[in-house]
1. Would you check if there is a residue in region 17-36 being surrounded by 17 or more Cβ atoms within 10 Å (Cβ to Cβ), part of a strand (DSSP E or B) and over 15 Å from the mean Cα position of the chain (by Cα)?
2. Give me the residue from region 39-93 that is of a type in the set (F, W, Y) and assigned to a loop (DSSP other than H, G, I, E, B) and, out of that set, surrounded by the fewest Cβ atoms within 10 Å (Cβ to Cβ).
3. Out of all the residues in region 94-119, which are small (G, A, S) and either surrounded by 12 or more Cβ atoms within 10 Å (Cβ to Cβ) or touching a residue at least 40 places away in the same chain (Cβ under 8 Å) (or both)?
4. I'm trying to understand the selection: among the residues of region 51-77, which are under 12 Å from V39 (Cβ atoms) and in contact with a Cys (Cβ under 9 Å, 6 or more places away or on another chain)?
5. Going through region 101-112 one residue at a time, which ones are within 12 Å of the chain's Cα centre (by Cα) and over 20 Å from T9 (Cβ atoms)?
6. Can you spot a residue in region 109-122 that is modelled with pLDDT of 95 or more and in contact with a helix residue (DSSP H, G or I) (Cβ under 8 Å, 6 or more places away or on another chain)?
Amino acid sequence: MSNNTVRPTDIKLHRKSHILEVAFDDGSQFKLSCEYLRVYSPSAEVRGHGPGQEVLQVGKENVNITSIEPVGSYAVCLHFDDGHDTGLYSWDWLHHLGKNQDKLWAQYLEKLAKAGVSRQLSKPAE
C-alpha cells in the first residue's frame with residue numbers, strides 16, 4: 001500500500017435514502033448512492049478479469065446495502081440486497097469513486113443508453 005493512501009474518518013450508511021456517506025482524512029466527503037457503488041463494484045463479477053470483460057450492471061436503481069464488513073485496515077466489503085458481496089472496496093477505490101462521481105455516473109448512463117437497457121429492473125430504456 002502506498003504512503004499516499006487516504007483513510008476514512010467516518011462511514012455512515014443511510015438506508016432510507018440508499019446513500020453511503022464517507023469522509024476521508026484529506027478533508028474530502030462524498031455521498032455515494034448504493035446503486036453507484038453496486039455498478040462500480042471492484043469485483044471480478046462486474047469488472048471482469050481483464051480489459052473489455054466488464055459486465056454492464058442493469059436494474060440496480062433500487063439496490064441497497066445491507067451490511068458493511070471491514071476487511072483489515074484497508075477496505076470494506078459491501079453486502080447488497082441483490083446478493084452481491086464479492087467486491088472489496090479499498091479506501092483508494094472509494095475515494096476514486098467519490099472524486100470522479102459525476103464523470104463515472106455519466107459514463108454509466110451512456111453505456112446503459114447505448115445498450116438499450118434501463119436502471120430499473122425489467123424495464124427497457126426510454
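1. The answer is yes; a qualifying residue exists.
2. Y74
3. G98, A113, A115, S118 - these are the residues of region 94-119 that are small (G, A, S) and either surrounded by 12 or more Cβ atoms within 10 Å (Cβ to Cβ) or touching a residue at least 40 places away in the same chain (Cβ under 8 Å) (or both).
4. Of the residues in region 51-77, the ones under 12 Å from V39 (Cβ atoms) are 54-61, 63.
Hits for region 51-77 are K60, V63.
5. Step one: list which residues in region 101-112 are within 12 Å of the chain's Cα centre (by Cα), which gives 101, 104-105, 108.
Answer for region 101-112, where residues must be within 12 Å of the chain's Cα centre (by Cα) and over 20 Å from T9 (Cβ atoms): L104, W105, Y108.
6. No, there is no match, as no residue in region 109-122 is modelled with pLDDT of 95 or more and in contact with a helix residue (DSSP H, G or I) (Cβ under 8 Å, 6 or more places away or on another chain).
The values are calculated or read from the model by the stated rules, or taken from the named source; none is laboratory data. Small disclaimer: the values here were computed from a predicted structure and weren't measured. Quick reminder, even Gly has a Cβ in these numbers, built from the backbone with ideal geometry, and neighbours come from all protein chains shown.
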